[in-house]
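Scroll down for the structure; my scribbles are underneath it.
The values are calculated or read from the model by the stated rules, or taken from the named source; none is laboratory data. Quick caveat: nothing in here was measured; it's all calculated off a predicted structure. Cβ placement follows ideal geometry from the backbone for every residue including glycine, while neighbour counts extend to all protein chains displayed. Note: areas computed on protein heavy atoms with side chains; ligands, DNA, RNA excluded. Shrake-Rupley method; radii C 1.70, N 1.55, O 1.52, S 1.80 Å.
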Amino acid sequence: MDIKRVFLSPLVLGPVFAFLMGNISLGLITAGITILIWGQREGSNFVVLTTVGLLILTANINMEIIFLYSITLAFIIDENCREKQFFFLLACLTSLGAFPVWIYILGKLPVHLLNQFNIAGGFVLISALVLTYVKGLILIKDASSEEIAAHFFLSFVAVLEVIGVYWAIPCWVLGNYFLNKYNVSFQNMIKSRTNSYLLSLFFMFFIIFTAYIVLPVNSILLAILIFLSAVLLYCNTLPVFELLYMSVILGIIFAKLGWLT
C-alpha cells in the first residue's frame, strides 16, 4: 500500500483540515467533488485546501464561486508551470491571505446572483458524476484491472464524502489495504468480457443512484446527466474544464428561467 498516496490524499487531508477549522462536513463535500472532477492527481490538495480555507474564512458566503476559482487556478498552474508544487503552495497561501478581498467582493454581489450560483452547484455535481462515469467506462475498455479497481474505489469513497459520511476516511484507508492485498483476485474476476459488461452496468446504476441521493429529483437534471454521458463517450479527450464552466452557465440560466430552485 502506498502510504503517501493514501494519507496525503484530499479524501483525508480535506476533512482533517476542515475539522481543525471547525467544519468537517465542508471538507468531506469539497474533497469528494474535487476527486470526482479533478481526480487524485497533482493539484487536488490545492483545490480542496484553498476552497475549504477560503469558505471558512469568508463565513461560507458562496461555495460555488470559490470552488470555481480554486479549480480554475489549478488548471492554469497545471498547464503552464513546471514547478507545480511550489506554485500550488504559493497560490494557496496567497489566496487564503487575501480572504478580506474575497469578503469584500462577495459582499458586493447581489443576493439573487449568489443564489443562482448556489443552484448551479447542482449542475457542477452532475458534471462531476458524468466525468466519473465516462472515465470508468473508458478504463473498463482500455485500462488494466489495477487501474479500474483504483478508479472505482476512489469514486466510491468520493461519493461517500459528497454525501457527508464520516466513516469514508477509514473506509478509504482500509479499502486501499485490501485492494493491495487482493489485487490478483480482482484481476481474475474482471478478465472475462461478460464481467466487464456487468461492471459497466453496475457502475452506471451506481452513478444514477448517487445522483438520486445527492440531487433533487428533477427530470431536467436526469436528462442532462444522460445526454452529457452519451456525448462525452464520443469525445477523444474529456473536456473537463469546458464541461465545468458549461455546467455553471447552464445552472445560472436555468435558475434565471425558474426551472430550478
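Past the 15 angstrom mark, what percentage of all C-alpha to C-alpha distances in the stretch 1-78 do you count?
Beyond 15 Å sits 49 percent of the P(r) for the stretch 1-78.
Can you return the aspartates and glutamates within cross-link range of residue 256? Criterion is Cα-Cα under 17 Å, with same-chain partners fewer than 8 residues away left out.
Correct list for residue 256: 64.
What lysines sit close enough to residue 4 to cross-link, taking a C-alpha to C-alpha distance under 30 Å and skipping anything fewer than 8 places away on the same chain?
List returned: 84, 135, 141, 181, 191.
7 Å from Cα along Cα→Cβ at both residue 245 and residue 118: what's the point-to-point distance in nm?
It works out to 2.6 nm between the two label points.
May I ask you to evaluate 6.51 cos²θ - 1.76 cosθ + 1.60, the Karplus curve with θ = phi - 60°, for each residue of the stretch 76-86 and list the ³J(HN,Hα) values in order in whole Hz, giving x for glycine and proline?
Here the 3J(HN,Hα) series is 4, 5, 4, 7, 10, 10, 7, 7, 5, 4, 4 Hz.
If R0 is 45 Å, what FRET efficiency do you get for residue 84 and residue 257 from their C-beta distance, rounded to 0.05?
Here the calculated transfer efficiency is 0.65.
Send over a whole-number figure in Å² for the accessible area per residue of the stretch 16-107, probe 1.4 Å.
Working: 4150 Å² over 92 residues.
The answer is 45 Å² per residue.
What nm value, rounded to one decimal, do you get for the distance between residue 146 and residue 98 when each label is placed 7 Å out toward the C-beta?
Between residue 146 and residue 98, the simple spin-label model gives 4.1 nm.
Got a sec? What order do 142, 78, 2 fall in by accessible area at 1.4 Å, biggest, i.e. largest, first?
Ranked from most to least accessible, the order is 142, 2, 78.
Output wanted: per-residue J couplings in Hz (rounded whole) for the stretch 58-74, from phi through Karplus 6.51 cos²θ - 1.76 cosθ + 1.60, θ = phi - 60°, x for Gly and Pro.
Values, residue by residue: 9, 6, 6, 5, 7, 6, 4, 5, 5, 5, 4, 4, 5, 6, 5, 4, 5 Hz.
Show me, for the stretch 19-32, the HN-Hα J-couplings you get by feeding each phi into the Karplus relation (A = 6.51, B = -1.76, C = 1.60, θ = phi - 60°), rounded to Hz, glycine and proline as x.
With coefficients 6.51, -1.76 and 1.60, one gets 4, 5, 9, x, 8, 5, 4, 4, x, 4, 5, 5, 5, x Hz.
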